[in-house]
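Participant: What follows is a single structure, and I will ask about it in a moment.
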Amino acid sequence: MNIHEYQAKELLDKFGVPNSPGGVASTPEQAEKVARSLGTNNLVVKSQIHAGGRGKGTFTSGFQGGVHLCKTANQVRDIAEQMLGKTLVTHQTGPEGRVVRKVLVSKSVEIARELYFAILIDRATSIPMIVASTEGGVDIESVAATTPEKIIRMSVDPLYGLLPYQTRKLAKLLGMTSTEMRLACKLFAGLYKLFIRSDCSMVEVNPLVVTKGGEVLALDSKINFDDNALFRHPDILAYRDIEEENPREVEASKFNLNYIGLDGNIACLVNGAGLAMATMDIIKHHGGEPANFLDVGGGATEQQVTEAFKILISDKRVKAILVNIFGGIMKCDIIAQGIINAVRAVNLPVPLVVRLEGTNVEAGRKLLNDSKLPLLAATDIADAAKKVVAAVK
């Protein structure tokens with residue numbers, strides 16, 4: 001689950017991580033009020049969407065930039081009026097963009113240096129890893145590609161946590177002075193506490209800044225969470241903004257379906273994440289483009305299958321559907337009956353290719369044959385991919 005920058009600031013405050021003071025607004029008048037409450041002429045207005053690259057983004061109205069510096073509260077109001085309710089397009093949103101429903105109004109700071117700091121889970125070792133760099137304020141991927149020597153990596157033993165000597169070493173590698181080091185060590189410790197106690201999958205601060213006044217601040221942060229642990233954090237779950245999510249993904253989550261929308265036109269309904277990935281790969285191999293990742297799980301019910309079909313056909317780009325089921329816990333005859341009932345319930349408007357294998361497969365195939373439904377049966381995964389790609393063409 002992703003959250004907005006203003007929500008991330010609330011978590012930073014909760015864990016004692018220094019950042020720039022500010023507040024959120026959903027109207028130009030609220031934005032002006034927040035600006036006046038800050039008591040400064042150094043202000044910044046940031047559009048709030050779940051995407052990066054906002055500063056270089058463009059609104060479909062023609063207004064340039066999702067981040068603006070201002071000197072007066074009146075300017076803040078005018079900028080907020082240009083942003084709120086408008087669609088912002090960045091390199092991460094795609095051409096469709098995202099509607100800005102809130103803006104963050106903060107005190108701007110005079111920056112001496114911009115750094116990068118993140119905590120994530122190292123997939124190779126399954127333990128927390130800190131990634132830092134002296135090159136902050138830019139895409140860390142480009143830094144890693146062009147100047148990998150500027151990337152600092154440090155593993156953290158989950159039993160001991162982030163130790164004081166590690167925070168001092170990080171601060172030194174980032175070029176901190178002795179005064180800055182004390183402030184940075186406190187900030188690093190707070191970010192690690194936030195990462196662990198909130199069950200985060202990533203905490204990224206970019207830029208982490210050293211101001212001309214010697215402060216060390218988390219100026220812009222992005223926080224992701226482990227969805228499987230959200231039941232422990234109802235306060236964080238309340239941050240969820242479904243207006244920022246794909247409507248089909250939101251609908252799928254209501255029925256415990258794992259759905260991720262893609263850009264293709266061949267919908268996939270599969271049981272098991274690994275099989276779903278293989279299905280998408282083989283569709284691509286045979287010249288097709290998958291429209292989604294959809295894992296119904298190992299014990300899907302008839303209702304879940306029906307709802308899955310409804311979600312798939314709600315995507316207007318979908319020109320065909322491929323069902324690829326390997327029956328283990330889920331028996332093929334049960335899933336076949338679910339497919340039959342689902343197709344009849346939704347009045348399927350596109351070609352359907354079904355490949356069944358596993359427990360009770362013969363009974364499942366017989367049910368599909370006897371149903372007289374207009375579907376194409378496939379003998380294996382390659383045959384299924386060929387048939388669904390041909391159906392689209």
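Participant: Restricting attention to region 125-137, which residues are within 21 Å of the chain's Cα centre (by Cα) and without any contact (Cβ under 8 Å) to a residue 24 or more places away in the chain?
Facilitator: S126, V131
Participant: Anything in region 109-130 that is of a type in the set (V, I, T) and either assigned to a strand (DSSP E or B) or touching a Cys at 6+ places or on another chain (Cβ under 9 Å) (or both)? List them, or say none.
Facilitator: Residues of region 109-130 of a type in the set (V, I, T): 109, 111, 119, 121, 125, 127, 130.
Within region 109-130, I111, I119, I121, I127, I130 meet the criteria.
Participant: Which residues, taken from region 138-149, are over 26 Å from the mean Cα position of the chain (by Cα) and either loosely packed, with under 11 Cβ neighbours inside 10 Å or under 22 Å from L183 (Cα atoms) (or both)?
Facilitator: E149, the sole residue that qualifies.
Participant: For A276, state whether it is assigned to a helix (DSSP H, G or I), touching a Phe, Trp or Tyr at 6+ places or on another chain (Cβ under 7 Å) and small (G, A, S).
Facilitator: Numbers: assigned to a helix (DSSP H, G or I): yes; touching a Phe, Trp or Tyr at 6+ places or on another chain (Cβ under 7 Å): yes; small (G, A, S): yes.
So A276 fits the description; yes.
Participant: I'd like the full set of residues that are open to solvent by less than 80 Å² (accessible area, probe 1.4 Å), over 15 Å from E307 (Cα atoms) and charged (D, E, K, R), limited to region 236-263.
Facilitator: D241, E244, E245
Participant: Let me ask another. Do we have any residue at all in region 264-277 that's over 21 Å from A378 (Cα atoms) and of a type in the set (S, T, N, Q)?
Facilitator: no
Participant: Is there any pair linking a residue in region 236-263 that is part of a loop (DSSP other than H, G, I, E, B) to one that is among the basic types (K, R) and open to solvent by less than 50 Å² (accessible area, probe 1.4 Å), with Cβ under 6 Å and at least six apart or on different chains, and which?
Facilitator: none
Participant: Just checking: which of the strands (runs of 3 or more DSSP E) contained wholly in region 288-363 hold 1 or more residues that are crowded, with 18+ Cβ neighbours inside 10 Å and among the basic types (K, R)?
Facilitator: Those strands (runs of 3 or more DSSP E) span 352-358.
Participant: Something else: Could you grab the pairs with beta carbons closer than 6 Å, sequence gap of 6+ or different chains, first residue in region 97-110 and under 18 Å from K212 (Cα atoms), second one part of a strand (DSSP E or B) and open to solvent by 60 Å² or more (accessible area, probe 1.4 Å)?
Facilitator: These pairs meet every condition: S108/L69.
The values are calculated or read from the model by the stated rules, or taken from the named source; none is laboratory data. None of the values given here were measured: they were computed from a predicted structure. Neighbour counts are summed over all protein chains in view; Cβ atoms, including those assigned to glycine, are modelled from backbone coordinates with ideal geometry. Side chains are part of the model used for accessible areas, which takes the heavy atoms of the whole protein and leaves out ligands, DNA and RNA. Shrake-Rupley method; radii C 1.70, N 1.55, O 1.52, S 1.80 Å.
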